[in-house]
Structures are given as structure tokens and as C-alpha cells.
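The values are calculated or read from the model by the stated rules, or taken from the named source; none is laboratory data. Since the structure is predicted, the reported quantities are computational estimates derived from the model, not experimental observations. Glycine gets a Cβ as well: all are built from the backbone with ideal geometry, and neighbour counts include every protein chain shown.
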Amino acid sequence: MIAMLALAVVASVFSLVIPRVIQAVIDGPVVEGDTSGLWLLTAIIGALGLGEAFLVWLRRYIQAKVALGVEADLRRDIYRHVQRLHAGFHDRFQTGQLLSRATGDLGRIRRFAAWGMIFLVINIFTYLAVIAQLVQIYWPLGLVVAASAVPLFFLSRNFARGYITASRAEQDQQGEVANLAEETAQGIRVIKAFGRARHVTEKFDGGSAKLYDISINKVRMLSRSWAMFDAIPNLVLAAVLIGGALAVANDKMTIGELVAFVTLQLMLVWPIEALGWIIANGNEAMTAADRVYDVLDTEPAIVDRPGARDLPRAEAKGHLRFEGVRFAYDGTDKTVLDGLDLDVRPGETLAVAGVTGCGKTTMLSLAPRLYDVTAGRVLLDGHDVRDLTLESLRLNVATAFEDPTLFSMSVRENLTLGRQEATEADIEEALRVAQADFVYDLPWGLDTRIGEQGLSLSGGQRQRLALARAVIVKPAVLILDDPLSALDVHTEELVERALASVLAGTTALVAVHRPSTVALADRVALLEDGRIVAVGTHSELLESTPAYRAVLSAESDSVGAAA
Amino acid sequence: MSIDVQEKKASPVDKPVKDSHRWRGIAESEEADRTSAEQDDAASIKALRARGRNLLASLLRPHKRTLFWIIVLLLIQNGAGMAGPLLVKFGIDSGIPPIIDNKNYTILITVGVTFGVAILIEYLTKRAFLAMSGRVGQSLLLDLRARVFRQFQRLSIAFHERFTSGRVVARMTSDIDAIRELADGGLNDLVLSALSILTITGILLWMDPMLALVALLSFPVMAWLSNWFRVNSAIVYRSTRETIALVIVYFVESMGGVRAVQAYRRERRNQTIFDDLNEDNRARNVTGHRMSAFFAGGVKGIGNATTALVLAYGGYRVLHGQTDVGVLAAFVLYLRRFFDPMQELSMFYNTLQSANAAFEKLAGVLDEKPDVPEPVEPKPLTNPRGELRFDDVEFWYHKDKVVLPTFNLTIPAGQTVALVGATGAGKTTIAKLVSRFYDPSAGLVTLDGVSLRDVAEPDLRRAVAMVTQENFLFAGTIGENIAFGKPDATVREIEEAARAIGAHEFITGLPEGYDTDVRKRGGRLSAGQRQLVAFARAFLADPKVLILDEATSSLDIPSERLVQRALRTILADRTAIVIAHRLSTVEIADRVLVLEKGTIVEDGPPSTLIDGGGRYADLHAQWQDSLV
């Protein structure tokens, strides 16, 4: 960065010296008729010129690396940071807004680092150097030129003040438009299924039109100020011409000096004109940086506590315990879990049942600390999960989510998400347990790209992959959120049979909706009103608890179907 | 085993997977990363460039009149701006002697006043020019955004499945940003610079043709240099568009699946991959910027060398009385004005090239033909009854892997048909054909005797709605999400739909009821709840044909019971296709079709099939057993 600025300054010294030599050419050899002097001096000008060109190239060569490095590094930092941010943050922040920060805003910062900042320094330096020379050539006119700084200062201040608000508004709205674009891309199937293209298009057009209005407002501000920034150096030039002519007429200056004066002063036109651009550029970079730091300054709510300890996988027994757990989502006072107690013994498979929306998924996400409890605690082998390092906790607790998220990557990469080093045999075993051998029949086997892109898999296939992904980790505690909901009865039975061997040595917490899935479990707990109201075997609960019957009774199921 | 498969199948792909990109896997379609217009051969690139230019031209067309005025303004502004050095020359050559000779100030005063007027004109025209061109630029962006968005809406599901949402977002944001950057600042300067270079050439020729010819010696060199830059940087900037798209795709997917990322401690591996993509993008950008560094240095060097030459030759001419000192001085001043804009041009040239590449990408998108096109002459579909027919329908994604071989089926209006069969039997394909996500590869799918290919989109969507296992909710309230099925629905209609489907209870239990934002403030819904919202949405849409594709998989038993009860009423007067692996849902059907490899192997009312001892009977028995 400093090298860049130094090069820039040296290059501008070169370009400042050249007019002086030109003056020397005109006043010396040309006026005196000295041919060899003419050749010599023009050779010097040529050499200086090529030197300047070399420096320009060198500076921009370095600058490319520096500015683009700043952009790439910040993007890396944003990505690293948002990956660490807790689920609650991601619930609030839509991807489009995050993305616009990691692309558009960083571009603005890069442009300032590459151009705005350099020009600011070069221009200030040029301004001072030129003024110094002007004063030296003929001080009264030099001071006139210097005085142009006063209106420039006020103009810049007013411009910057209004522009910064407009710039922030524009960037925020760009993020909104990105949100809309992202959302409609994700929901394209629903949009198509209901033929709502026009509806979403109207919504998008609305966001886009708002962006247009904000940008037009910005354009108006720019046109007013930039035209003014252009006029000032020209006004000064006119004043210099008149004053200079008078001075030459009165023998205060030579013609050569006047030419040099004007030439030098013309060097100020671009730096002053550019000031408008630099201010705009700088302000945009500033608001962009604000937006980036809005995200970077958000502290991850779920981090390792000081003194958090590692729980090596080999030591973990998988004793999971919920003690007086309360939970409410950020910004709500509605408690989802309200004094929940539950003990899952090592090696046991416990199913959690309850009506839709009773908090099963929430409860399950507390064990790997995707969310933290509002009150109470969750213990793994007697340690509060918050006293364990996230790394070791999540190594011991693996989750198969209800929505099987697959990424646009190879099957292998998707499967080994939680365990890079899994061997071919591990993969094969996990696929067998999850009855997901179909992946071997894909066009390129485990190397086939799946996810959103490429082959579309059925819901059942995706769910089986998500299950295999959890199994492959060989965790102490396996969390399965309604893992078999999309499977047909036949496959479900096969998976259950294969899963039984895995579950024999693993603690498992399984959210269930169907009696058939309950078959996996040693015991079942009923979640109601944020608490565990009953624990027992399936048949015990069917007998003793009417609420349980309502939720999971096969009989009422077939009654419903037969009605 | 997997390795065998890999070796066997890897050969047809001639583009080797870069080792660091191994994680991406091999896409089924080679076109996965681009639109069909974007190919690597020279002819396609040329065609794409032409498309990019055509796109720009068509975007500018509506602004023809404004553009005319912009050019007029530019000419005036350029003229006024050029007056400066000319006035300096005139002031020095003709203004000073009369003052020295006889204290005659008239010429100098005239010069001063003219200068003042020129500045005022320049200010006014510049201001108007900036405002007008800014407006054109923003309208162009508005238009472009709208066009690209509409095109993505028009393109079929098949396109979206291979293109991925992340890449759609990249086109809609980063590419348009690249163009915005140009509209923001670059374009004005580009045009102005080009203009002033032309004018100055004229003035130089007029002042001293011989000297001007020396200055013009720089032209061929300059032309060669810019041509080199244009050709080579185009390649680089095209690749930066692609590498940034990959960065964006990865970013969007990581954020979308952040729960899985965190739960599986995927952060580090993700970071490695992301850094790699990010670095790839940076490296390409650096190459581009270095080219432009060479270009800028070259322009500067040529400019300075030319100035030295002109000075030498001009000085020589003055010495031999062939020209005036004033002319030489003015020449030097003009040369500065001549090369400075070129310097600016070199600064914005990479912005221009980057925007060019973005134009090409967007032109590629706009050029993509929808696989499922709108009919040119749609046949009206008024008051559809809902009779569906498959006439000799065949369907395949790839010719060597036929999903549906000659398939015939008639579903009378009002019948509820359940499709049963293993994964890959073709159930979802049938649903996608009826909802026209795809068109059949051969044969016809008709609704009330009208081929779906001939039905206008709005008519089709009014008649056919689909609920899938993927229950996407849009940002907004629950009420709005239900109303997605019928945007003009009243609050009462929304509530009735929710009630009918059994979703009203849980919705009213949310912090703000129907006004609860589904993303913010505690509106997190479980998969089952989202499915209920999706049901309510479909119910509100009130279609004649309803397709339920695994639409009840996440519901618990009480909800499913409610939904089933509701379905009995809802489906009474509708044609319905139900795909479910839960036979409890299947039992509401009038007719069950058991599919195997795209063929119907059993067809009949559920009760008959259960007694018939076939596959369905087996499945039913298995299901009965599972209800422990």
C-alpha cells in the first residue's frame, strides 16, 4: 500500500517536472535558436515521460494485487464470520442481503482502495506541488489559484453530507432486490405450480423501481455537484489568463513563464474535477464498509465459553440430559419449551412425540447447540453442553434434519459432510444402513453432482442420504428429526432393521410422527406444552396417556381413514 | 464398487474435473454451468458478443430521443470545454501585444468574457448531461433487471434444476452490478473522451498540419495497444464472471444450509473450498487488472513520447520560422488534453470490459429458449371439467434412460387417483407432466381434450395446482403465504382456507396470528406446519385439478387426520392425483394405480385391489403391520 502511494507520488513528480522542462525548451533553445539544446532537452522530456509511464505501470501492477487482495480477504472474512454466526442470526438475515455485502459492497471498497484513495493522495500532493510552483513562478497569481480551495471545501462538504445518506439507501435497496431475486429463484417450483409469475414479478418490479428512484436521486445530486467541480478550475484558469496577460504586458512575467503557469495550472483541472468522483467513491466505500461491519461486528451468540473443555469422542458415553430447559426464540416472549426435563441414558433410543409445532425440532436443536437454552441446561455426560467446545460437542452429537439439505456437490462430499476422513467402507456401511445404495447407480456413482443441480432426487432419496450423513459420523448421540417421514413402508422397515444395529451402541433422540417410527425406540417421551409429560414404552403410553393416544394411535389413524 | 462405476462412466466427460474442484462432482448435464448460448468455440463466442451488443442496442432503443439530446449536449459541452486552451492561445498571441503596444485591453476583455460564457455553458450542459445520461443509465438497469427476471420466470423447471438458484442470483446481482458500475461513472467519460480526442485531432490539424501529423504518429501504436487489450481482457473478464458466479453459488448454498453446516462442523472444509473459489476469482481479476496496468502504462508512455517528439519537431519548426511560439505552446496544451482522456479511458476500460462480459452472460440467459414454451395461439380453457388424458405419452431426460415408455391413461373429471410405486416408477414424472413443469418427449397430455401445450399459462394454472413435499414459504406473513394461491383473496377467504385444512388453530396460536412474519419474530414453523400452510394455499387456489405430491409426509397423525377429512370434501368435485407412500392418504382415492418402471401394473379401486392379492394388497398388508 505504501509502495503504491510512493510510486504514485514519484510518478506525479515526473509529470510535474515535465512542464518545467517544456518551459525551459520554449524559453531557452526555441527563443535563443539553440538546436543542440533543443535536442538535449526534448530527449530529457522523452526519458522522463517513459520513466513516468514505467512508474504508472508498476504502481497499477502492484495495485491490482493489493486492491483485489483487500476484496478477496474481506470476502473470506465475511464468509468465515457468517458461518460462525448462530442460527438466530440467519433466521433474521436473508441471504440476498448477506450476498450483496460480500459482492457489491466489497466491490465499492475495492474501488476506493484501488482508485479513490490513491487519487486522493496523488491529487492533494499534485495540488500542493502545483500551487508551490505557481507561487514560485508568480506569487500573486499563485495565490489566486490557491484561493480556489475555499469554495471547493464548502462544495465538497455539502456534497458529501447528502451523498452518504443516498449511498447507504441505495446499497440497502440493492440488498433487498438481491433478496427478492434469491427468494424467487429458490421458490421457483411453487411459483410455477401456482402460476404466480406475474405476482412475484410485480413484487420484484416494486423493489426494482424503488431502487431506481433512490439511484435517480443520487444521479441528481451527482449532476449538480460534479458540474460545479468542473466549473471551478476553469473559472480560475480564466482569471489566470487575464491576470497573466496583464502581468506579461507589465513585464512581471515572461511569455514562457505564462505558458508554464497555464500548463501547470491545467494539471489541476483533472485533480479538481476528480474530487467529485473521489468523494462519491469514498462515501460509497464508507457506507459499504458500514454494511459489511454491521455483519462482521455481530458477535456469534453461540461460541466456546472461556475454559470450555474438549470431550474426546472416545470418552463420550452419550448420556444426554435436559434439566429445567426453557426456550423462547429471540425477540419473542412466547416460550416454546417451558421447564423441560428428560434423561436419555447412554445407548438408549428415545423417541419424542407430540403434536405438530409443539417444539420437538426446537428441543432437538438444543443438544448440538444450534440454539442455546434460555434457562436451564442440557448436559452431555454430566457436562453442560455450553462448557464443551463446539467442535467436540458437534463431533459427538450428529443430527439428521427433517429437511434434508443437500448441497450442489458430489454425493461423496454430501455424505462426508461431518467426517471428511470417512473411508470407502464407512460410506458403504452408512449407505447400507440408510438403504441409500441407489447412489451407486447414479451416472457417476459417488462422484455424481446432486443437490439443487444435476439429478433431482425424490424426497425419500434425499432423506435417506441425510440419514446416511448422520450415521457416517458415528457420533455418541444421534439426533434424528422425523428421519423416515418420506419413506414408503417397505423402505422404512428395511431402514429400521439396519438402523437397529447402529442404534444398539449409540444414544439416539428421535422425533417421531408415526407409530412405525416409534418401533425404533426403547422408550417414548410425550412433549406437550413445552414439557415432557410422560415417558414410557409405546404400549405403556398408549394405555396410560390419552394425549399420547391422540398423537400416535394407529387405531385412530385407521378410524380417520375409514370415516 | 463405486470406483468401478466411476472409471466406467468417467470417460464420456471430456472436461476433466480439476482436482481442487473434485468436491463439486460431475454434473449430469454438461450444460450445468451455463446457458446453451455460451459455448467455447470461436463462432459461439462471436455470436454471443453480437448478442451482447444487440441486447445493449435494444435496451437503448427506447431512449433514442434522449440519446440524441445527450449527444447534442455533449457536443456543446465538448466545444465549450475545448474553448479554454484556444482562448489561452488567443489571449497570449493576440491579447498581450496590443496591451504592450498601446494599452488596448479590448481583445483581452473579449477573451475574458468569452471564457466566462464558455464556462457557464459548460456548467449547464454538463449538469444536464449528467442528469440525463444518469437517468438513461438507471432506466436501462431497471429495464434489464425486469427483462432478466421475467426470462427466469419464463424458463422451465428443467432449466432451473440444472442452472441452480445461486447462479440465477449471480446473474441478477453481480452481472447487473458490473453494468451498473459502467453506468455510474465510466460511460460518460468514455464518450466524452472519445469526442474530445476527435475534436482535438481536428484542431491540431487546423493549427499546423505538419506538426499534427507527427502527433498522429501515435495513433497506429495506440490502436494496436488497445486492440491487444480489448481482445485479451475480454477472455479474462468473461472468466471472472464465471468464477464470481461460482463464489456466489457457494455462498448462497452455504447460507441456505447453514444449520447443516454448523451441525456437521463443516465450517473449516467450507472455508477451504470457498477460499479456493474466491482465490480463483481474485487471480483472474488480477490478470485482468494487470493487463489494464500494462495498457495504462503503454498509453502514458506513447503520450509522453509523442509530446517529446512534437516538442522537438515543433521547436525545430519555430527555429526555422515555420510556426509561432504560441502555436507550439497551444499544441503542447492540447496534447495533454489529447492523452489525458486516453488515460481515463484506460482506467474505465476494464470496467467496460467487465460490463461487456456481463452483457454477454445476460444475453445468454435472455436467449435461452424455454423448454416449455407458451403456445403461440392458445386454445381457451373456460370452465374446465378436469378430464385428464395421457395419449401415447413417452418421457425421458436422456434417450437412453426412458422414464415413461408409451403411457396411456384417462382420468375422468372429478376422480381422485392415487399413484403408488417405488422410487423411480414415474409417479412424480406424471405429476410434473400434468402441471406442465415438463412437456412429454412424445405423445400428448390433454385437459378436457385440449393439449397442455396449447393452453395459456394463466388458464393452466387456474385449472391445475400442485402441492409438493417442498413447502417453500416466501418472506412475509403467514396470511400472505396462504394468499399466494389467490393474491386477491380477502382476509376471510384466507381464514376459511386455513380452517378447512386444520391450520387455523396453530396460526392463531402464533404471536401475531395471520400477520406473523414467517422468518422473523418467532415465526419459525415446523415442517408439518409449513405443509399445512402449503395445503391452505392450494385450497385457496381452488383448482379443478389438484396434484398432491408427497404432500402429507411431514404431518403428524392428528393433522393428517384433519387434512384427510378436509380432502374428502375438497376433492369431491375435483380431479386429483395423489402421490403418497402413506397408504392412509391413498385410501381416500377412488382409484389406485400401481406403477412400475413407468408402466401401470395394477389399476382399480383400493378395496378391489386389496382383495385382488396383487402388489397393492401386499403393500397394504405391510402397512397394516406397521401400525403397531
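Only one of these conditions is not met by A:Gly162: (1) buried (at least 18 other Cβ atoms within 10 Å of the Cβ); (2) more than 13 Å from chain B (Cβ to nearest Cβ). Which number is it?
A:Gly162 satisfies all of (1) buried (at least 18 other Cβ atoms within 10 Å of the Cβ); (2) more than 13 Å from chain B (Cβ to nearest Cβ) except (1).
Considering (1) at the interface with chain A (Cβ under 7 Å from one of its Cβ atoms); (2) assigned to a helix (DSSP H, G or I); (3) surrounded by fewer than 23 Cβ atoms within 10 Å (Cβ to Cβ), say which one B:Arg265 fails and leave the rest.
Failing condition for B:Arg265: (2).
Among the residues that make up the stretch B:233-245, is at least one of them over 30 Å from A:Ala470 (Cα atoms) and within 8 Å of chain A (Cβ to nearest Cβ)?
Checked against the condition, which is being over 30 Å from A:Ala470 (Cα atoms) and within 8 Å of chain A (Cβ to nearest Cβ), the stretch B:233-245 yields at least one hit.
Mind counting the residues in the stretch B:285-318 that are among the charged types (D, E, K, R) and either facing another protein chain (nearest Cβ under 8 Å) or surrounded by 21 or more Cβ atoms within 10 Å (Cβ to Cβ) (or both)?
2
Where residues in the stretch A:490-520 are within 38 Å of the chain's Cα centre (by Cα) and within 11 Å of another protein chain (Cβ to nearest Cβ), which of them is surrounded by the fewest Cβ atoms within 10 Å (Cβ to Cβ)?
By that ranking, first place goes to A:Ala511.
For the stretch B:319-331, how many residues meet the condition of being of a type in the set (A, V, I, L, M) and surrounded by fewer than 22 Cβ atoms within 10 Å (Cβ to Cβ)?
3
What's the number of the only condition in (1) more than 9 Å from chain A (Cβ to nearest Cβ); (2) more than 33 Å from the chain's Cα centre (by Cα) that B:Arg561 fails to meet?
Here B:Arg561 clears every test but (1).
Can you name every residue in the stretch A:153-193 that is over 14 Å from A:Ile279 (Cβ atoms) and aliphatic (A, V, I, L, M)?
A:Ala169, A:Val177, A:Ala178, A:Leu180, A:Ala181, A:Ala185, A:Ile188, A:Val190, A:Ile191, A:Ala193
Working carefully through the options B:Asp177, B:Asp93, find the one that is assigned by TED's automatic domain parsing to the domain that holds B:Ala358 and modelled with pLDDT under 85.
Being assigned by TED's automatic domain parsing to the domain that holds B:Ala358 and modelled with pLDDT under 85 holds for just one of B:Asp177, B:Asp93, which is B:Asp93.
Would you check if A:Gly49 is touching a residue at least 24 places away in the same chain (Cβ under 8 Å), buried (at least 20 other Cβ atoms within 10 Å of the Cβ) and either within 7 Å of chain B (Cβ to nearest Cβ) or more than 23 Å from A:Leu106 (Cβ to Cβ) (or both)?
yes
Within the bounds of the stretch A:354-364, is there any residue that is among the basic types (Lys, Arg) and at positive phi?
no
Determine whether the stretch A:417-425 contains at least one residue that is over 23 Å from B:Gln262 (Cβ atoms) and in contact (Cβ under 8 Å) with a residue 24 or more places away in the chain.
Scanning the stretch A:417-425 turns up no residue that is over 23 Å from B:Gln262 (Cβ atoms) and in contact (Cβ under 8 Å) with a residue 24 or more places away in the chain.
Would you confirm whether any residue within the stretch B:421-428 is in a helix (DSSP H, G or I) and out of contact with any helix residue (DSSP H, G or I) (no Cβ under 8 Å at 6 or more places or on another chain)?
yes
Looking at the stretch A:475-558, what strands (runs of 3 or more DSSP E) fall wholly within it and have at least 2 residues that are out of contact with any Gly (no Cβ under 8 Å at 6 or more places or on another chain)?
A:477-481, A:507-511, A:531-536
Which ranges mark the helices (runs of 4 or more DSSP H) fully within the stretch A:21-118 that have 1 or more residues being acidic (Asp, Glu)?
A:35-84, A:87-92
Modelled with pLDDT of 85 or more, in the same structural domain as B:Asp276 (by TED's automatic domain parsing), closer than 19 Å to B:Leu144 by Cβ and not acidic (Asp, Glu), is that true of B:Leu55?
yes
Right, B:Leu540: modelled with pLDDT of 85 or more, farther than 12 Å from B:Ile501 by Cα, surrounded by 21 or more Cβ atoms within 10 Å (Cβ to Cβ) and in the same structural domain as B:Val464 (by TED's automatic domain parsing) or not?
It is false that B:Leu540 is modelled with pLDDT of 85 or more, farther than 12 Å from B:Ile501 by Cα, surrounded by 21 or more Cβ atoms within 10 Å (Cβ to Cβ) and in the same structural domain as B:Val464 (by TED's automatic domain parsing).
Identify the single condition in (1) buried (at least 18 other Cβ atoms within 10 Å of the Cβ); (2) more than 8 Å from every other protein chain (Cβ to nearest Cβ); (3) within 15 Å of the chain's Cα centre (by Cα) that B:Thr173 does not satisfy, given that it satisfies every other one.
(2)
Among the residues of the stretch B:268-284 satisfying the criterion of being more than 8 Å from every other protein chain (Cβ to nearest Cβ) and within 21 Å of B:Ser346 (Cα to Cα), which is surrounded by the most Cβ atoms within 10 Å (Cβ to Cβ)?
B:Arg284
Report every pair of residues separated by at least 6 positions or lying on different chains whose Cβ atoms are under 9 Å apart, first residue within the stretch B:136-156 and within 17 Å of A:Arg196 (Cα to Cα) and within 7 Å of chain A (Cβ to nearest Cβ), second small (Gly, Ala, Ser) and surrounded by fewer than 21 Cβ atoms within 10 Å (Cβ to Cβ).
B:Arg150/A:Ala197; B:Gln153/A:Ala197
Wholly within the stretch A:390-454, which helices (runs of 4 or more DSSP H) include no fewer than the required count, namely at least 1 residues that are farther than 22 Å from A:Ala87 by Cβ?
A:411-415, A:424-433
Give the number of residues within the stretch A:91-107 that are at the interface with chain B (Cβ under 7 Å from one of its Cβ atoms) and either over 25 Å from B:Ile176 (Cβ atoms) or of a type in the set (Phe, Trp, Tyr) (or both).
Looking only at that region, the number is 2.
Residues being over 13 Å from A:Arg157 (Cα atoms) and either away from every other protein chain (no Cβ under 11 Å) or acidic (Asp, Glu) (or both): count how many of those fall in the stretch A:272-281.
Count: 2.
If I filter the stretch A:277-309 down to residues being among the small types (Gly, Ala, Ser) and in a helix (DSSP H, G or I), which single residue comes out as nearest to B:Leu182 (Cα to Cα)?
Ranking the qualifying residues of the stretch A:277-309, first place goes to A:Ala280.
So in the stretch B:581-613, with the set limited to residues that are of a type in the set (Lys, Arg) and surrounded by 15 or more Cβ atoms within 10 Å (Cβ to Cβ), which one is farthest from A:Glu493 (Cα to Cα)?
Checking each candidate, the answer is B:Arg591.
Would you mention how many residues in the stretch B:577-611 are away from chain A (no Cβ under 14 Å) and assigned to a loop (DSSP other than H, G, I, E, B)?
3
If you check B:Arg453, B:Arg389, which single one turns out to be charged (D, E, K, R) and within 19 Å of B:Arg574 (Cα to Cα)?
That would be B:Arg389, the only listed residue that is charged (D, E, K, R) and within 19 Å of B:Arg574 (Cα to Cα).
Please go through the stretch B:309-323 and give me each residue that is touching a helix residue (DSSP H, G or I) at 6+ places or on another chain (Cβ under 6 Å), of a type in the set (A, V, I, L, M) and over 17 Å from A:Ile18 (Cβ atoms), ordered by number.
The one that is touching a helix residue (DSSP H, G or I) at 6+ places or on another chain (Cβ under 6 Å), of a type in the set (A, V, I, L, M) and over 17 Å from A:Ile18 (Cβ atoms): B:Val318.
Can you name every residue in the stretch A:201-231 that is over 19 Å from B:Val136 (Cα atoms), facing another protein chain (nearest Cβ under 7 Å) and under 25 Å from the mean Cα position of the chain (by Cα)?
Matches in the stretch A:201-231: A:Phe204 only.
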